[in-house]
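Structure record follows, encoded as structure tokens.
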Amino acid sequence: MADRVTVIGWDGSPLTDAAHSALGAATLVAGAAHHLALPEIPPAAERVRLGSVALAARRIAAHRGTAVVLADGDPGFFGVVRTLRAPEFGLEVEVVPAVSSVAAAFARAGMPWDDAQVVVAHPRTLRRAVNVCRAHTKVAVLTAPGAGPAELGLLLEGVHRTFVICEELGTEREQVSVVTSDKAADHTWRDPNVVIVIGGPTGPGGAAEGGGWIAGRDPGAGPRGWVQPDQTYGGGLGEGETELLRAAQLARLGPRVGDLVWDIGCGSGAFAAEAARAGAAVIAVDHDPAACARTESAARRYGVQLHVVRGTAPHVLEDLPEPDVVRVGGGGAAVVSAVADRRPQRIVTHAATRDAAELVGRDLTEHGYRVECALLQSVELDTRAWTETERSVAFLLSGVLPDRAP
């Protein structure tokens with residue numbers, strides 16, 4: 001095992017005394033090509049090109065001597081420190097930090113970033129990173145080959161965003177470009193790069209004027225409660241949009257940051273807006289232009305990002321990106337069946353009668369979903385006289401795909 005492992009962050013600035021000292025004593029140095037070309041590396045030191053961090057960690061663990069790992073930016077922020085400290089390698093590391101590439105990117109753009117979401121995009125997480133860009137107004141994306149600005153732009157089709165693309169920060173080839181998301185695929189971008197994705201109105205979740213109190217999206221912004229009272233939506237609620245039913249649907253779906261939610265038959269926009277308040281990306285679908293307008297109004301009211309699509313399900317669903325969870329507010333068994341063909345993790349819907357509920361439940365079961373059904377009854381009382389004012393009954397159905405359920 002290496003006698004000593006020092007991880008040095010590099011942001012293009014002159015190396016600190018601590019970094020000089022560690023490099024001077026190194027018998028093995030791991031890093032990218034531009035790191036291994038630094039004149040401070042001892043000529044006799046073994047050089048390891050840092051591709052797979054896990055493979056490099058094994059080389060370091062087997063090395064007898066003093067090892068140094070060079071990494072861009074702050075190596076403790078989505079960097080190599082986590083892998084090197086993994087129990088299977090048994091390495092104890094000292095860290096010499098530098099300015100993170102995210103901080104450098106926002107500095108180059110002249111923008112604050114305490115209100116930004118920060119995500120990592122590589123081929124396995126690209127879709128979830130894109131969903132965060134759909135749902136939030138300011139996102140920094142640490143990219144990887146195959147999951148860079150071009151791929152982000154292609155997957156954001158239909159959602160207008162501005163990209164600030166910072167290539168090779170800290171090097172002589174550093175370049176900052178500003179393009180719209182639909183133009184990002186027209187260029188070839190150099191690695192490494194950081195993409196700042198901005199766009200959409202700043203709502204209650206953003207940092208307040210003069211600064212907020214928590215980094216990223218403020219989870220406590222806006223009114224309390226998963227769902228809001230029916231009267232908040234101006235009397236435009238359909239029979240499947242009551243407050244109790246929406247709360248149960250949200251609880252069954254559990255939308256979260258990185259998810260894409262479909263709300264089919266969005267009606268008043270109540271469920272779509274409330275799912276977006278949880279941090280998920282939402283595509284709301286309805287054939288009625290008035291329903292689409294109400295949904296956009298609800299999104300503006302709560303300062304959330306929604307993509308509203310006007311069209312008739314199931315046909316309109318064919319061109320939509322893959323969902324994680326889906327609420328079917330209208331269209332019946334045919335739409336539920338079409339949704340199940342896309343294999344989201346979870347589906348919720350409702351039915352007015354037991355026969356209709358059984359029909360939907362059988363179809364979900366045939367698609368491989370584990371089905372639950374509950375009869376929900378709510379009775380609204382006038383608390384001045386404790387008399388009944390309104391009663392609603394609905395069958396709540398939910399399907400969970402066992403092989404995709406987290």
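The figures follow:
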| item | result |
| --- | --- |
| The stretch 317-370: C-alpha gyration tensor shape, a/c 1.5 cut-off, then a/b vs b/c | prolate |
| Rg to Rh, two decimals, where the stretch 195-327 supplies the alpha carbon set and Rh follows Kirkwood | 0.96 |
| Accessible surface, 1.4 Å probe, highest first, among residues T180, T389, T349 | T389, T180, T349 |
| Per residue solvent-accessible surface (Å²) - the stretch 234-273, probe of 1.4 Å | 28 Å² |
| Dimensionless Rg ratio for the stretch 1-131, taking C-alpha atoms and the 2.2 N^0.38 Å reference | 1.11 |
| Cα coordinate range in the stretch 253-314, projected on the principal axes (Å, largest first) | 28, 26, 14 |
| Amide H contacts of T6 (H built 1.01 Å from N, under 5 Å, at least 5 apart or other chain) | A67, V68, V69, E94 |
| Structure-based [θ]222 nm, the chain - -39500 (n - 2.57) summed over DSSP H runs of at least 4, per residue, nearest 500 | -7500 deg cm²/dmol |
| Cα convex hull of the chain, projected area averaged across orientations, nm² | 23.8 nm² |
| The stretch 1-70, accessible surface, carbon-and-sulfur percent (1.4 angstrom probe) | 55 percent |
| Order by protection proxy (mean Cβ within 10 Å, highest first), peptides 285-294, 181-190 | 285-294, 181-190 |
| C-alpha center-to-center spacing [the stretch 301-344, the stretch 94-123] in angstrom | 34 Å |
| Electrostatic dipole magnitude of the chain [Cβ: Lys, Arg +1; Asp, Glu -1; Cα centre; debye, to 20] | 580 debye |
| Computed P(r) (all Cα pairs; the stretch 1-74; 10 Å bins; percent) | 21, 60, 19, 0 |
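The values are calculated or read from the model by the stated rules, or taken from the named source; none is laboratory data. This structure is a prediction, so every number in the text was calculated from the model and none was measured. Cβ atoms come from the backbone with ideal geometry, glycine included; neighbour counts cover every protein chain shown. Surface accessibility is based on the protein's heavy atoms, side chains included, excluding ligands, DNA and RNA. Shrake-Rupley method; radii C 1.70, N 1.55, O 1.52, S 1.80 Å.
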